[in-house]
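**Student:** Okay, handing you the structure first.
No lab work stands behind these numbers, since they all come straight from the coordinates. Just so it is clear, the model here is predicted, and its values are computed rather than measured.
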Ligand SMILES: Nc1ncnc2c1ncn2[C@@H]1O[C@H](COP(=O)(O)OP(=O)(O)O)[C@@H](O)[C@H]1O
Ligand SMILES: [Mg+2]
């Protein structure tokens, strides 16, 4: 069976786009072939800086013929119907149709439409130009006087089709003046002459001879192996870097690994800075000394050339540039340390964090306050947390971080260490950014935790306050990541924090920044505001009692009301993120809902404890049966409440408890309620569940022995109230209505 | 290959000025109009009307010129080996971009002494954008053994207007190329005139003092009040000239108006270097210059050279 070879030869394709382009080409072409009835055995795409190629093998030589019968109207049908049939079948007259008989319907017309299959090359010649014109490059361009768009100017196209052993034919087509052929070109410098190619194997072999390795994975292997070998031969170890490897494999057609060196004195610069410098600017690999684990004063560059001097000039040139880059880096590192972190702080006043959220200085001030507030709850010394919060962002203004933003945090740690700040503070400078993603480590040192939480919570509250919440796939400020960070820090460290009042108080602060309201007066009293106050009435009472005053009553109305709304909304965002997080760890999200539905659930750690205990309970026989009993009770209640148009809520009237089973249930409920309440208060959810389990038997017995809808309305009412009491008893644990399954 | 018949002082690997002359010669041979620098302070050769304005409209155009480029923020008081607040760009613009533009560029490197069998020349993605000019294009930075020596761009948009045909723009960083072919580590050590001994003039002899003085000026002394006023004046004048030259279908003062846009842009760069523009203001200044550039581009299209009938 014949194979297809396509090669699109262009000017240098950006490295970062190559892999996706290869996949895209393969998918577009094979989909189009299959859509036209051309099934294939296999396909493989290739990409180098200058060419995008695809081989499809095992294609049929032509499409299968298609024969389609179209049923028409019966013989003698009205003229209109016949004319419509002729038109739709593409027939000139009824002579071209045949007549078929059906025992029931009688005689009717049939048109046979024959669609002969086309030769595959013809189909390909139709497909490819359209794919080229519509190719989904992330960014494309025009050139010269043409209107074709490609990632960079497209120069020539190879398109051949043929079976093994045969001389393949050129699939002829043209795209904006570029005519397909069987001619390609080798390496830009090493073998630029035109080459005539046949099929995949021939194309690969000839290009290989012309110093082009067309397979990206092979180029990566060559680079990695040669780099490791060269390192080893010099007693060193390659610092592997997958991202860099991907990129350099997209910058060369013929990789040649060469080693260069730089002066030892540059090793005073932190390893990470050296690596960032050499990687970002020069796209070279760094090497480690296996004995010390530190970087060696060597680097590996991947050139695209077998140079006539063995690469001496190339190495010398790269060494010169790296020397200049490292001098810059060293200069930055030295000046940063001379000037010190403290000296940079005032500049934060003139740097906007976000147009609506004030300056970086204001943000740092908020983080500082929050870190101090959180510190005692996470076992950190408030004074250390305060210092850490002050310095945590200072490295943003250093030269090194200006040059390499990815080193933020880490540089803060280095500079803090250099200035002999307390080790907790230095660690927090780096760790407060963590966790950066689901796979990243969570900080465990108390001071780092305090600043990390303060930083993330301030970000969340801030963007909530200006209504910049994440929507769909848009989350430009990485707020989901921030919320997940808070969740993981709390859960993995077993922290006990009531979130709601923290969120509310932060929202009050942020709103004051946004509305540019007088700050100090209110701020200082915010932490005196009792945590659970949610209503304006509540805040008024607190004001009177605590002599706590907002700057004005107008402020109280707008700011407090909005802050409560933000806190509520953010808390439910946390609930959502928690659900996602727990689900990823195999938990049932309905149980998160069931627990969150209770009033005032804002202690994430406790919430998860409660949920875990509940999940375990629901696995047991007691749990399952109780849930069934609960549902039965609620169903009956719902129906009867609807009938009567009223709600039945406890307590029951003891005098009306006639049957022993209902008496026992009422007793059990009373006891269980009390025991659950005590256990929950002691945060002992296992015991709470054991208590709840004791409801199972009386509930079952009740349904066995008692008819709820007694003819006596007083008895019926009392029994319905008893059912509601079952609901009430479970409420101490969770909202059982929300439990699914 | 360097022309072996050249006297030593005219070899591009011996003197800075010979490098420049060689490039001029090379591009003259390709049919370019060899222009002289624009007589205003600009941040890059792109600002020269021979690029910005000529890239607009349907008329073919080929030009090459050296352009002194001022980057106030790049001042290093003469202490950085390859970063200058005033340096020379060699600018080539070919419209429409020819199919063999990359080959021409590589040949020009050979002409100044870069042996392509010995050096690793690479085209590394670098999309060019000038927010102040409302311009962008796709292309590469050209590396020679890891050193960025040129910028290579296919203009897609200039002054907010789609380019059709597309111009190809080459910008050579002359000092960096010269360091490369002369094999020196520090820009100030470049041989400027190709002479040796007492007759030799180095790049430092010509420019070191200027770099020191202008760094002081750019970062410490430039009169910000005056500059703020100059920005406003240039902006106002630009609008005024645009209105004056506007004759409906035709425009009669696109070039003088564009001069004021250039002026505003440079003044903005100076203010920026002085650190008196906050992050938020910065954006709005850029937008103001872009508005001028766009209006000048639109006016240019209504002139004869801009292709108006
Ligand atoms: N401050 C500088 N000093 C010396 N050479 C420079 C400086 N900035 C850039 N260059 C050189 O000039 C070339 C063009 O500069 P680039 O910033 O890319 O120009 P443009 O702004 O026109 O795109 C660069 O490739 C580099 O070689
Ligand atoms: Mg550049």
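**Student:** Let me make sure I get this right: for chain A, a, b and c are the square roots of the gyration tensor eigenvalues over alpha carbons, sorted descending. Under 1.5 in a/c it's rounded, otherwise prolate if a/b > b/c, else oblate. Which is it?
**Tutor:** Since a/c reaches 1.5 but b/c is at least a/b, the shape of chain A is classed as oblate.
**Student:** Does the range A:66-115 come out rounded, prolate or oblate by the C-alpha gyration tensor, with a ≥ b ≥ c the root eigenvalues, rounded set by a/c under 1.5 and, if not, prolate when a/b is larger than b/c and oblate if not?
**Tutor:** oblate
**Student:** Any chance you could give the angle, 0 to 90 degrees and rounded to 10, that helix B:101-111 forms with the longest Cα principal axis of chain B?
**Tutor:** Taking Cα atoms only, the helix is inclined about 40 degrees.
**Student:** Counting helices only, and only those DSSP H runs with n ≥ 4, report the 222 nm mean residue ellipticity of chain A as the sum of -39,500 (n - 2.57) divided by its residues, in deg cm²/dmol to the nearest 500.
**Tutor:** Mean residue ellipticity, 222 nm, calculated: -16000 deg cm²/dmol.
**Student:** Using only the C-alpha atoms of the range A:115-268, find the volume of their convex hull and express it per residue in Å³.
**Tutor:** 195 Å³
**Student:** So what is the relative contact order of chain A, in percent, for Cα pairs below 8 Å that sit 6 or more residues apart?
**Tutor:** 7 percent
**Student:** Count the DSSP beta bridges whose two residues both fall in the protein assembly as shown, then state the antiparallel fraction as a percent rounded to the nearest 5.
**Tutor:** Expressed as a percentage, antiparallel bridges in the protein assembly as shown total about 95.
**Student:** With the Cα gyration tensor of the range B:223-300 giving a ≥ b ≥ c as the square roots of its eigenvalues, does the rule (a/c under 1.5 for rounded; else a/b larger than b/c for prolate; else oblate) give rounded, prolate or oblate?
**Tutor:** Prolate, since a/c reaches 1.5 and a/b exceeds b/c.
**Student:** Given the DSSP H assignment, sum -39500 (n - 2.57) over each helix run of at least 4 residues in chain B and divide by its residue total; what's the result at 222 nm in deg cm²/dmol, nearest 500?
**Tutor:** -12000 deg cm²/dmol
**Student:** Okay, moving on. Can you give the convex hull volume of the alpha carbon atoms of the range B:1-73 per residue, in Å³?
**Tutor:** 116 Å³
**Student:** I'd like the orientation of helix B:224-245 relative to chain B: the angle between its Cα long axis and the longest Cα principal axis, in ° from 0 to 90, rounded to 10.
**Tutor:** Its long axis makes an angle of about 70 degrees.
**Student:** Restricting to Cα pairs below 8 Å that are 6+ residues apart, what does the relative contact order work out to for the range A:216-339? Please round to a whole percent.
**Tutor:** Here the relative contact order equals 29 percent.
**Student:** To the nearest 10 degrees, how steeply does helix B:203-216 sit against the main Cα axis of chain B, on a 0 to 90 scale?
**Tutor:** In chain B, helix B:203-216 runs at an angle near 40 degrees to the longest axis.
**Student:** Something else about it: Could you tell me what % of all Cα pairs in the range A:216-339 have separations over 20 Å?
**Tutor:** 42 percent
**Student:** Just want to confirm a number: the relative contact order over the range A:606-738, from Cα pairs under 8 angstrom separated by 6+ residues, in percent.
**Tutor:** 39 percent
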